Structure formats: C-alpha cells, structure tokens
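Colleague: Questions regarding the structure given below will be posed in turn.
The values are calculated or read from the model by the stated rules, or taken from the named source; none is laboratory data. This one's a predicted model, so the numbers in the text were calculated from it and none came from an experiment. Cβ: placed from backbone, ideal geometry, glycine included. Neighbour counts: every protein chain shown.
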Ligand SMILES: Cc1cc2nc3c(=O)[nH]c(=O)nc-3n(C[C@H](O)[C@H](O)[C@H](O)COP(=O)(O)OP(=O)(O)OC[C@H]3O[C@@H](n4cnc5c(N)ncnc54)[C@H](O)[C@@H]3O)c2cc1C
C-alpha cells in the first residue's frame, strides 16, 4: 500500500503526532496504514554495543525497562517526552520517523551514536547511520515506502557514559533547547572522546563541531565544561521558537551543555570505579 500510493499513504504507529496532524489538516494522506498489528517490531534487547529497540516499542515500556538503564541519556530523556498518557501509546519508531527537531529520542540517537533499520515493500533492508537519518524539519532519510523497523542506541559501558538535559517551558512541553553529551575515558581515566549533540535549536538534532584541541583543554571540571559549552553555543545559529528567541536558546545551550558534559564525565568516571561516587552534577 505504501508503495502503490506513491507518497499518499502514511504509517500509523502510536498516533500521538499523526492524529493531531490529521485533526489540524497538516497531514492529508489518502490512506493511513496501521502497523500496530505487525508482529516482530516489539523486540527490546541489549546487544554487545547497542540497545536494540523495535519500532513499535512504546516509549513508556522503554522508560520502565532494564535495557534503557544501559544508556544514561536514554534514562534521562524518556520521562521528559510528553506525558505518561502519550508515552503509553507513542512508539520509539514513531518518534524518530516524525523527526521533530525537539524530539528527545532523536537527539539521544545522534548524541550517543546509533543507527536506524528500515525495510521497504520488497523486503529490502538498509541501515541508516544516526548522523544521516535526520534531513530537516519533520524530515528523515526514510523513503515514502519504507518502514522504520528498529532503532539501535549505543550503550554506555566501562569508561563510557552519556547524559541528557533539556529546558522546556513546562514539564511535558517540547524543549526550548536540549543537549546530549557522551564522554569516553581510557583505562587510565583520561578523556579519549567527547560528543555533544544539540536539539530544538535548528531544523534537526545534530552533533556540535568541537574544536580540534577540545580534549587538550578538557579537565573534567566545571570551568572547562563551561568553556567548551560556551564555544559550542557561540558557534551555532539558533532559529528560535515561540517561547525562546535565538539569543536565549544560545544561552541555554551554553548552560545545559556544560551541565550535560559534567554529568556524563562523572558517570564515566564512576563506571571505571575511580569516581568520587558523590552527588551527580544535577541541572
Ligand atoms: C500532548 C503531547 C505532548 C508531546 N510531547 C512530546 C515531547 O515532549 N517530546 C517528543 O519527542 N514528542 C512529544 N510528543 C509526540 C509523541 O512523542 C509521539 O508519540 C511521537 O512523536 C510519534 O510517535 P507515534 O508512535 O505516536 O507515531 P505516529 O503519530 O503514529 O506517527 C508519527 C509520524 O511517523 C510516521 N511513522 C510512525 N511510525 C513509523 C515507522 N515505524 N516507520 C515509518 N514511519 C513511521 C507516521 O507516518 C507519522 O508521519 C507529544 C505528543 C503529544 C500528543
């Protein structure tokens, strides 16, 4: 149906974004294809490096799962997606396919690294890297006849940890700005990699470009986290939202970015067993 309707058909998963869009006539597909009865898209599993989440896994199920606890940023973000009622119906695949630039799950996928599996009408499968999945506002690399079947989020592990923080006008609202940090330490405890992804400030979630000497200047303390995050904040061109003008979004990225970097760093240290095991850096 998806193939024969040539872009005039839309998949229905949890309906938490599609149905409001239908109500408002922002989407007027000729046909709605309900995939809820499809078996095999509800798998939730931990593999060596990834948490594999079937497209129809409900956001609330993932939030309450042991698998989500393998990724700090996933745990942080899931309670912030809408409300319990929307998370009971809303799926992980639907959230990613919807490609809202303020969507929490898309930002975590980009921030921790991962991939999306897609399948077309002929059963051809392909893997799309998180870095090339989001193509613009509500736009992804999925073709009109492709179904997202699975998302694979990189796990945290010894020496590797992630954190997610957002600012929204009220709990459950879409974020005015959001950040996902991922820090890796080598066995001596020295930082070997830093990733900082940003959401809600442009037309898609994206990985911020860090200066070449970012690691050299990084000491894992508040001062270097502030320095790095304000460098990132000054390098972006936020688009602004109804509630957050561009200058405020830039400010938020500086503040939240530093908090997320510190939180991820502390978690990474603790995962190696040489952290101070004290309070986490809270927003
Ligand atoms: C009150 C409210 C508050 C919300 N707040 C937030 C929030 O803070 N953060 C946030 O991220 N989201 C929020 N949402 C959206 C919610 O998370 C949705 O669940 C999610 O965006 C879409 O998932 P869904 O399963 O409901 O998909 P649907 O609404 O069924 O589909 C959404 C889109 O994705 C396509 N699609 C769905 N599944 C697939 C698939 N497997 N393959 C290909 N295409 C597919 C559909 O065709 C459609 O275009 C909110 C929604 C509501 C109603």
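Colleague: For residues that are assigned to a strand (DSSP E or B) and over 16 Å from the mean Cα position of the chain (by Cα), tally how many sit in region 142-169. Reasoning before the result, please.
Modeller: If we filter region 142-169 for residues that are assigned to a strand (DSSP E or B), which is where we start, we get 147-154, 157, 160-167.
Cutting the leftovers down to over 16 Å from the mean Cα position of the chain (by Cα) gives us 147, 149, 157, 160.
Residues flagged as assigned to a strand (DSSP E or B) and over 16 Å from the mean Cα position of the chain (by Cα) within region 142-169 amount to 4.
Colleague: Of the residues 107, 148, 138, which single one is surrounded by 20 or more Cβ atoms within 10 Å (Cβ to Cβ), within 10 Å of the ligand (Cβ to nearest atom) and over 17 Å from residue 2 (Cα atoms)? It would help to see each step written out before you state the result.
Modeller: Working: 148 fails: over 17 Å from residue 2 (Cα atoms); 138 fails: surrounded by 20 or more Cβ atoms within 10 Å (Cβ to Cβ).
Within the list 107, 148, 138, the selection yields 107.
Colleague: Please find, among 162, 193, the residue that is crowded, with 22+ Cβ neighbours inside 10 Å, closer than 16 Å to residue 113 by Cα and away from the ligand (no atom under 16 Å from the Cβ).
Modeller: On the way: 193 fails: crowded, with 22+ Cβ neighbours inside 10 Å.
After applying the criteria, what remains is 162.
Colleague: Have a look at 271, 224 and point out the one that is touching a residue at least 40 places away in the same chain (Cβ under 8 Å), over 19 Å from the mean Cα position of the chain (by Cα) and surrounded by 17 or more Cβ atoms within 10 Å (Cβ to Cβ). Spell out how you get there, then give the answer.
Modeller: Details: 224 fails: touching a residue at least 40 places away in the same chain (Cβ under 8 Å).
Criteria check complete, one pass: 271.
Colleague: Just the residues that are in contact (Cβ under 8 Å) with a residue 12 or more places away in the chain, near the ligand (Cβ under 10 Å from one of its atoms) and out of contact with any helix residue (DSSP H, G or I) (no Cβ under 9 Å at 6 or more places or on another chain), please, taken from region 8-57.
Modeller: 9, 33, 34, 36, 38
Residue-by-condition table, conditions (1) surrounded by 19 or more Cβ atoms within 10 Å (Cβ to Cβ); (2) under 22 Å from the mean Cα position of the chain (by Cα); (3) not assigned by TED's automatic domain parsing to the domain that holds residue 136; (4) not in a helix (DSSP H, G or I):
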site	(1), (2), (3), (4)
171	no, yes, yes, yes
174	yes, yes, yes, yes
187	no, no, yes, yes
211	no, no, yes, yes
248	no, yes, yes, no
260	yes, yes, yes, no
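Colleague: Any residue at all in region 111-119 that is in a loop (DSSP other than H, G, I, E, B) and either out of contact with any strand residue (DSSP E or B) (no Cβ under 7 Å at 6 or more places or on another chain) or more than 8 Å from the ligand (Cβ to nearest atom) (or both)? Step through it out loud before you land on a result.
Modeller: Taking region 111-119 as the starting set, the residues that turn out to be in a loop (DSSP other than H, G, I, E, B) are 113.
Within this subset, residues satisfying the condition of being either out of contact with any strand residue (DSSP E or B) (no Cβ under 7 Å at 6 or more places or on another chain) or more than 8 Å from the ligand (Cβ to nearest atom) (or both) are 113.
Yes, some residue in region 111-119 is in a loop (DSSP other than H, G, I, E, B) and either out of contact with any strand residue (DSSP E or B) (no Cβ under 7 Å at 6 or more places or on another chain) or more than 8 Å from the ligand (Cβ to nearest atom) (or both).
Colleague: Take residue 68 and decide whether it is within 12 Å of the ligand (Cβ to nearest atom) and either surrounded by fewer than 20 Cβ atoms within 10 Å (Cβ to Cβ) or not assigned by TED's automatic domain parsing to the domain that holds residue 268 (or both).
Modeller: Details: within 12 Å of the ligand (Cβ to nearest atom): no; either surrounded by fewer than 20 Cβ atoms within 10 Å (Cβ to Cβ) or not assigned by TED's automatic domain parsing to the domain that holds residue 268 (or both): yes.
No.
Colleague: Output the number of residues of region 23-47 satisfying the condition of being in contact with a strand residue (DSSP E or B) (Cβ under 9 Å, 6 or more places away or on another chain) and closer than 17 Å to residue 139 by Cα.
Modeller: Going residue by residue through region 23-47, those that are in contact with a strand residue (DSSP E or B) (Cβ under 9 Å, 6 or more places away or on another chain) are 27, 29-36, 38, 40-47.
With closer than 17 Å to residue 139 by Cα added as a condition, the list becomes 27, 29.
Adding up the residues that qualify gives 2.
Colleague: Next question, about the same structure. Which members of region 1-20 meet the condition of being at pLDDT below 95 and surrounded by fewer than 16 Cβ atoms within 10 Å (Cβ to Cβ)?
Modeller: Residues satisfying the conditions are 1, 3, 4, 5, 6, 7, 8.
Colleague: Does region 91-99 include one or more residues that are near the ligand (Cβ under 7 Å from one of its atoms), surrounded by fewer than 24 Cβ atoms within 10 Å (Cβ to Cβ) and in contact (Cβ under 8 Å) with a residue 12 or more places away in the chain?
Modeller: In the first step, residues of region 91-99 are kept if they are near the ligand (Cβ under 7 Å from one of its atoms); the result is 91, 93-95, 97-98.
Restricting the remaining residues to those that are surrounded by fewer than 24 Cβ atoms within 10 Å (Cβ to Cβ) gives 98.
If we keep only those that are in contact (Cβ under 8 Å) with a residue 12 or more places away in the chain too, we end up with 98.
Yes: region 91-99 contains one or more residues that are near the ligand (Cβ under 7 Å from one of its atoms), surrounded by fewer than 24 Cβ atoms within 10 Å (Cβ to Cβ) and in contact (Cβ under 8 Å) with a residue 12 or more places away in the chain.
Colleague: Can you tell me which of (1) more than 12 Å from the ligand (Cβ to nearest atom); (2) outside any loop (DSSP other than H, G, I, E, B) is the one residue 122 doesn't meet?
Modeller: (2)
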